[in-house]
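> Please read through the structure below; I'll follow up with questions.
The values are calculated or read from the model by the stated rules, or taken from the named source; none is laboratory data. Quick caveat, the model's predicted, so the values are computed rather than measured. A quick note on method: Cβ atoms are made from the backbone with ideal geometry, for glycine too, and the neighbour counts reach across all protein chains shown. Areas reflect the complete protein model, heavy atoms only, side chains present, ligands, DNA and RNA absent. Shrake-Rupley method; radii C 1.70, N 1.55, O 1.52, S 1.80 Å.
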Amino acid sequence: MPKPFMTYAQQIQKMKDKHLLIPDEAAAETALRTIGYFSLVSGYKDLFKNPTTRDYRDGTTFDDILALYHFDESLRELTLRHLLHIEQHIRSELSYAFCQSFGDSQNAYIDPQNYHFTVVANQREINTLIKKFLEPPLTKKTDYAYIEHHKRVHQNVPLWVLMNMLTFGTLSKMYALSKPQIQSTVSREFDSLNERQLAQILQVLTVFRNVCAHGERLFSYRCARHDIPDLPLHKKLAIPQKGTQYLYGKKDYFSVVISFRYLLPHKEFLDYKTHLVRLIEKAINKNQQISEAKLLELMGMPLNWKKITAYKKV
């Protein structure tokens, strides 16, 4: 049966019926109005419920749920800020390497032969990349003034111009389908990563970028189809394994932390880590229902995660 519409008063009563403490109902209604029941309560309530009774655990308050929501919101903002820096770095390096090899004519990046087309398994994806994402801005009107300017004035949109309008997902796919020499040129910009490892990391970061951009729950998110490669830091941090598979840092939030360690400049990573430590500390202090160990477990982060800067990446 579809769930019926509920007024704000009914939403509050529903939570109270489930034994959630709501000290300030007016403030709770304001939060429901500005965030929405689905995004706030439905998105985070499972972490506070008794799995047997499905009621809230004793002593759980509306403020506990709100504090966890705000932690996740701040985590999305922090993560997206640094993801955008990585994205811009990849845009710059990939367009430079491609144009250096094939020139800056728009015909270069819509030619399948300028990608890793000799691999039969790539051919369909390369054609889709070109037909669906790279050609349309050249043949159809866009909302991007710089694209329209180059079409009108120069009759040519170089890759270094087009790059700015491509999504991170398209960028990641373009790198994965590029010729080996292009991939190698780009991956050399990042210490201790080869071409395959960078391609795998970009797949995962694309997923997490979308989670951040769409306001989904980030801290406990797990990638369903992709994971980052096994890297020296997994071993140096002594991350536990099940068989040959690492239990943390592959498709969870800690995989983002590890990826940032490899892709961000050292000083920027230290800044990111400092802010992440503060966010976690604040979340624990504001929430009486979730311990630090539990929060780190949900994020896929080992207890010794702060040592990530104590080891070299190789």
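> Could you please tell me which pairs satisfy a Cβ distance under 6 Å, a separation of 6+ or placement on different chains, a first residue in segment 216-234 that is over 19 Å from L276 (Cα atoms) and in contact (Cβ under 8 Å) with a residue 24 or more places away in the chain, and a second residue that is surrounded by fewer than 16 Cβ atoms within 10 Å (Cβ to Cβ) and of a type in the set (A, V, I, L, M, F, W, C)?
Within 6 Å, the pairs are P232/V314.
> Tally the residues that are assigned to a loop (DSSP other than H, G, I, E, B) and either closer than 16 Å to A67 by Cβ or open to solvent by 80 Å² or more (accessible area, probe 1.4 Å) (or both), restricting the search to segment 1-16.
Residues in segment 1-16 being assigned to a loop (DSSP other than H, G, I, E, B) and either closer than 16 Å to A67 by Cβ or open to solvent by 80 Å² or more (accessible area, probe 1.4 Å) (or both): 5 in total.
> Now, a different point. For segment 184-196, give me each residue that is touching a residue at least 24 places away in the same chain (Cβ under 8 Å), in a helix (DSSP H, G or I) and open to solvent by 40 Å² or more (accessible area, probe 1.4 Å).
Residues satisfying the conditions are T185, R196.
> Then there's this: Having 1 or more residues that are more than 22 Å from D191 (Cβ to Cβ) and polar (S, T, N, Q) is the bar; report the helices (runs of 4 or more DSSP H) wholly within segment 208-314 that clear it.
Ranges flagged: 266-286.
> Look at Y37 and say whether it is under 30 Å from E148 (Cα atoms), surrounded by 16 or more Cβ atoms within 10 Å (Cβ to Cβ) and in contact with a helix residue (DSSP H, G or I) (Cβ under 8 Å, 6 or more places away or on another chain).
no
> Right, next: How many of the residues making up segment 62-87 are touching a Pro at 6+ places or on another chain (Cβ under 9 Å) and either open to solvent by less than 30 Å² (accessible area, probe 1.4 Å) or modelled with pLDDT under 95 (or both)?
So the answer is 1.
Yes/no per residue for (1) touching a helix residue (DSSP H, G or I) at 6+ places or on another chain (Cβ under 8 Å); (2) acidic (D, E); (3) open to solvent by less than 50 Å² (accessible area, probe 1.4 Å):
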position: L198; (1), (2), (3): yes, no, yes
position: I201; (1), (2), (3): yes, no, yes
position: V207; (1), (2), (3): no, no, yes
position: A238; (1), (2), (3): no, no, no
position: T244; (1), (2), (3): no, no, no
position: T309; (1), (2), (3): yes, no, yes
position: V314; (1), (2), (3): yes, no, no
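> Scan segment 210-236 for residues that are basic (K, R) and either open to solvent by less than 10 Å² (accessible area, probe 1.4 Å) or over 17 Å from E297 (Cβ atoms) (or both) and jot them down.
Residues satisfying the conditions are R225, K235, K236.
> Quick one: H19 ticks every box in (1) modelled with pLDDT under 95; (2) part of a loop (DSSP other than H, G, I, E, B) bar one, so which box is it?
Only one criterion in (1) modelled with pLDDT under 95; (2) part of a loop (DSSP other than H, G, I, E, B) is unmet by H19, namely (1).
> What are the pairs with Cβ atoms under 9 angstrom where one residue, in segment 127-152, is in contact (Cβ under 8 Å) with a residue 24 or more places away in the chain and the other, located anywhere, is of a type in the set (D, E, K, R)? Sequence gap at least six, or different chains.
Listed by first residue and then by second, the contacts come to L129/K173; F133/K173; P137/K151; L138/K151.
> In addition: Look through segment 9-56, keep the residues that are small (G, A, S) and free of Cβ contacts under 8 Å to residues at least 60 places away in the same chain, and return whichever of them is nearest to R217 (Cα to Cα).
Ranking the qualifying residues of segment 9-56, first place goes to S42.
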